[in-house]
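In what follows, a single structure is set out as C-alpha cells and then discussed.
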Amino acid sequence: MTQQTSAPTLSQPRLLAARNGVFVVFALAGTTFATFASRIADTKAALGLSAGDLGLTLLATSAGSLTALPSAGRVADRVGAVRTIQLGMTLAFSGVLVVGVAVDVLRARLLVGVGLFLVGMGVGLWDVAMNLEGAAVERLLGRTVMPRFHAAFSGGTVLAALVGAAMSWGRVPLLVHFGAAVVISVPLGLWGLRAFMAREAEAGAEGGSEDAAPRVAPRSAWLEPRTLMIGLVVLAAAFTEGTANDWVAVGFVEGHGVPPWAGVLAFASFLSFMTVGRLAGTRLLDRYGRVPVLRATFALAAVGSLLVIFGPMPLAYVGTAVWGVGASLGFPVGMSASADEPARAAARMSVVATLGYTAFIAGPPLLGFLGDHFTVLRALLAVTVVVGLAMLVIPATREPAGRS
C-alpha cells in the first residue's frame, strides 16, 4: 500500500535525517512512559495502595492527556511540531521527577497524581505532534513507515522496562531512577528534534502551503462517521495495550505470586513482542491489507490475555508474548488511517488520538474496581470484551479505493 506523495521539498539525505529524528523522538516517548510504568508495582507497595486506589491515581495521567489532546493539533499548527514536542517533553520530564519526589520523599499520593497529570499533558502534546511529523515524513518518503515509528516507541518502552526491572530488583529509589532517565533523555530529545523538517516542508507534505490551502479546524472531524469509527478502533487498541502497561506486572505479582522484578519482566515480555509485531506488521499490512491483519491481531490479543489470566506458570509468560503481538498494530494503523487524506490529517488525527486516550481514562479505574472485587488477574478479562466489540468497527480502517 504505497503512500501517495506530493513533489518532494527536501533532498533525500535531509528527508532520511528527518526520518531518523522522528525515530528518536518516538523512542524517547516510549522510554518516558515506561520509566514510570515499570515502577507501578513498587509505587503501589511504597504508598500502601489498594488496586482501586492505584487505578484512581493512574487516572491522573489520562486526565492530563485528555486535557491536552483536543487542542494538540491546533497547537502544532500554530507553533510547529518541534516547539509542541519541546513543550510536551518539558511537562512530561517535570512530571516524572515530581512522582519520584512524591513517592520517595513525601509519600504523598496526591502529589503523585499531580506529577502523573503533568506527564499525561506532556505525552498528549508530544504524541500528536510526533505522529503528524511522522505522517508528513511518510508521505514524502513514498512508503509506509508509521508502524516502524511506533515500533521505535515500543522499543523505547522495552528498554525502559528492562532498566526498571533492574532498578526494582536492586531496590533503587524511584527519584534516583527517574532523575537519571531525565538527564539522559533531554540531550537525546534535543538532538532528535534538530533533524525535524522545517515547517514549510511539513506544509508541502500536506499537499500545499498554508496560504494556498487553509487548514480545516480539528473540531470538524468530530462530525465524520469514519473518523469516529477509526477512533473507536484506536480506543480498543489503546485499552488492550494500556491495560497490559498498567496491570500486567501487578497481575503477575498478586495473581501468580511472583516477586516484583519478575512481574516487571512479564511487562517487558509484552512490550518486546509488541515491538516485534510492529516491525513485522508493515510487510503483512502491505500484503494483506489493514482489515484482515487487524482482525487477526486483535484475536491474538484476546487469546494472549486469556493465557495470562488462566494459564499456569510459565504458560502465562507465553500469554504476554501473544498479547503483545496482538496489541501491536491497532494504534499505528488507526493513526495512518486517520491521515489517508493529507489535507485533513491534523484534524482527524487529533480526534482519533483523543478517542484512543479515552481508554486510558476508563481503563485504570475500571480495572481497579474490578480488581478490588474479582482480583487484578481476573479483571483483565475486560480486554477480551473490548476486543470483541472492536471487531465490529475494524472495516472503517480500510484503505481508500485505488491505494495499493
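Label positions at VAL183 and ALA343, each projected 7 Å from the Cα along the C-beta direction, are separated by 5.1 nm. One quarter of the convex hull surface built on the alpha carbon atoms of segment 283-404 amounts to 8.3 nm², the projected area averaged over directions.
Under a Gaussian network description of the chain, with springs only between Cα atoms under 10 Å, the residue in ALA238, ALA262, ALA72 that fluctuates furthest is ALA262. Helix 81-101 and the longest principal axis of the C-alpha atoms of the chain enclose an angle of approximately 10°. Report the residue, chosen from ALA51, ALA237, ALA362, that carries the largest GNM mean-square fluctuation when the chain is represented by alpha-carbon nodes joined by springs under 10 Å. Comparing ALA51, ALA237, ALA362 in a Gaussian network model of the chain, the most mobile one is ALA362.
The C-alpha atoms of the chain define a longest principal axis, and helix 260-288 lies at about 30 degrees to it.
Residue order for VAL182, VAL112, fewest other beta carbons within 10 angstrom first, comes to VAL182, VAL112. Calculated on the Cα set of the chain, radius of gyration then Dmax: 19.8, 62 Å. Ranked by the mean number of other Cβ atoms within 10 Å of their residues, highest first, the peptides 242-251, 272-281 come out as 242-251, 272-281. Our estimate of slack between ALA280 and ALA108, defined as 0.36 nm per intervening residue step minus the Cα-Cα distance, is 57.6 nm. The long axis of helix 290-310 is offset from the longest Cα principal axis of the chain by roughly 10 degrees. Would you mind telling me which residue in PRO70, PRO292, PRO260 has the biggest mean-square fluctuation in a Gaussian network model of the chain, where springs connect alpha carbons within a distance under 10 angstrom? Judging by the Gaussian network model, the answer is PRO292.
No value in this document is a laboratory result; all are computed from the given coordinates. If you're wondering where the values come from, they're calculated on a predicted model, not measured in any experiment. Here Cβ is always computed from backbone atoms with ideal geometry, including for glycine, and neighbour counts include all displayed protein chains.
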